[in-house]
Amino acid sequence: MAIELRPLDVIALTTYLLGMLAVGLYFSRRNTSTEEYFVGSRSFPGWAIGLSMLGTSISSVTFLAFPAAAYKLDWRQFVSNLMLPAVAVLAVIVFIPFFRRGQLTSAFEYLGHRFGPVARLYGTISFIVLQLIRLATVLLLMSIPVSLLSGLRIEYVIVIAGIFIAFYTIAGGIEAVIWTDVVQAIVLWAGGAVCLGYIVWHLPGGFSDVIDIGNAHDKFHVGAMEWNIGERTFWTVALLGVFHYLGMYSSDQNFIQRYVATKSLREARKATALYSLLAVPTWGFFFLVGTSMFTYYQTFPDAVVDTLDADQVFPYFILTRIPAGIAGIVIAGVLAAAMSSLDSSLNAIATIVTVDIMKPYLAPGRSDRFYLRAAHVIATGAAVLMIAGAIGFQHVEKESMNDLTWIMASVFGGCLVGLFLLGFFTTRVDNRAVLVALVGSLGFNVYLGAVSARWLPEMGSFHVHDYWIGVLVNLLFVVLAYGSSFLFGPPKQDLRGLTVWTMEKNSGGAAD
């Protein structure tokens, strides 16, 4: 199904895209070292990093998949987002000072200092896998409305969009990523506000219709108030949210790279606080857009909508209801949401492969210019895998992309959260205990993944909702690591500055 291409929409989109391209080309002239390319010489103000964090985490999953989840089901998937502020407090107090110590560039450099090269390589590889999955899902979601708008097959859109985003990211480095993220966060909000305003304006009863019809169809439901790990109840989704944001703030290179790119510890904390204040209202806003869209089509039925997947309804609404020109701005919001996540992940992958694999193992002792060129090649390879993955996900049967994203993150997340938290909060666990725990918990992860994929016979299979696989694997890792540490005795390494209990004062950098 294609929507007629409208010249004003094309003009709006072209203007936006040319602006993003110009930013990438401008900053490409300043990237003469890896320090500049990866962390922008550690000179960014807190407000810019905070908006960049917002743009990075609020992807097309937010712009398209959150409205799709609210349209198809209710608000229960929003509950996990409510847990972010509580975890942010821990990040401000504990995580940020840890990563700002010693001029770190990668999150996994810390794992190397704390647990040795095996933990560092495991963390690096696990993060790369998760980011490649995220890149593919976000690019696919972005391509849906562009395909509807242009009439091009979605596979062609994925390839063209992927190449465009890769170009300005690879050329401009982290500075292009940060400053385009700031613009894209603003464009994203503007696009969503236009859609909500249009719906409320055209409903006979205005916003009260959204409330009344939404309540009548139980669209504001946040899940049953009971404990049931097999269902998406309020408390189970809330616990999953705590686990998710612990991982994001403690082990996600996209965030750690921003902690260390600010000019001071105070600015890093300011950035995290700003992001945490803006993120939850933004996510709630896009769930409200989905409920409002459901209300609109209950009031003004459209036979075509009944034939669409949940992830296609919002793009269809934009391109058939929003006036020409303005719709182009809204689609720019979709692109902005995706691009701000994709550019961050591509740069993060280039950073950790260079810092955690190339420099210490594959090509040690080379010139900085060599590593800068290597980062460009690595980002290009990641972009190719991103495009291939998006085309593959197009053919996967799913409830919505938001649901698929949760499942993939859980199944492939491994033990990253447990690994970092044990490093921060224990002095007993060392590299020997971690190695034992990695073997046991990753074997359990493979088993649960096989059960989820129904590759094993029903007899003897331990069934759990896919959302819980990551939580169980990390819990087992913590138990195995801490338990086996009693077999090896206390660690022999110097732990000064590596745990909460041995943290040196003022190790997080300047506070002003």
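Bear in mind that the values in this text are calculations on the coordinates, not laboratory data. Note that the structure is predicted; figures quoted are calculated from it, not measured. Cβ placement follows ideal geometry from the backbone for every residue including glycine, while neighbour counts extend to all protein chains displayed.
Annotations for the structure displayed:
- Acute angle (nearest 10 degrees) that the helix 234-251 long axis makes with the longest principal axis of the chain, alpha-carbon atoms: 60
- Computed from Cα positions, the angle between helix 265-299 and the longest principal axis of the chain comes to roughly 30 degrees.
- In degrees, nearest ten, helix 431-452 long axis to first principal axis of the chain (Cα): 30
- Extension reserve of the Thr307-Ala190 stretch, reckoned as 0.36 nm per residue once the Cα distance is removed: 39.3 nm
- As a rough guide to protection, the peptides 45-52, 435-442 ranked by mean Cβ packing within 10 Å, highest first, stand as 45-52, 435-442.
- Taking the range 233-382 and dividing mean pair separation by its residue count, relative contact order in percent (alpha carbons under 8 Å, at least six apart): 18
- Look at the dipole of the range 217-290 built from charges on Cβ: of His221, Val280, Ala238, the Cα furthest out on the positive end belongs to Val280.
- Spin-label proximity, Arg153 to the range 106-146 - amide N less than 19 Å from point 7 Å beyond Cα toward beta carbon: 140-146
- When the helices of the chain are scored as -39500 (n - 2.57) per DSSP H run of n ≥ 4 and the total is divided over every residue, the value at 222 nm lands at -23500 deg cm²/dmol.
- Approximate spin-label separation Gln493-Arg29, in nm, with each point projected 7 Å along Cα-to-Cβ: 4.4
- Charging the Cβ of each Asp and Glu at -1 and of each Lys and Arg at +1, and nothing else, the dipole of the range 212-312 about its Cα centre rounds to 900 debye.
- Spatially near lysine pairs across the chain, Cα under 21 Å, sequence gap of 8 or more or different chains: 5
- Cut-off of 10 Å, at most 10 other beta carbons, DSSP loop: longest stretch of the chain lacking such GluC sites (Glu not before Pro): 5-225
- Computed about its Cα centre, the charge dipole of the chain is approximately 1780 debye, with only Lys, Arg, Asp and Glu carrying charge at their Cβ.
- Extension reserve of the Tyr482-Val89 stretch, reckoned as 0.36 nm per residue once the Cα distance is removed: 138.9 nm
- What the phi angles of the range 353-358 give under the Karplus curve with 6.51, -1.76 and 1.60, with θ = phi - 60°, is a coupling list of 5, 5, 6, 9, 10, 5 Hz, glycine and proline written as x.
- Taking θ as phi - 60° and the Karplus parameters 6.51, -1.76 and 1.60, the scalar couplings of the range 469-485 work out to 4, x, 4, 5, 5, 5, 4, 4, 4, 4, 5, 5, 5, 5, x, 6, 4 Hz in sequence order, x denoting glycine and proline.
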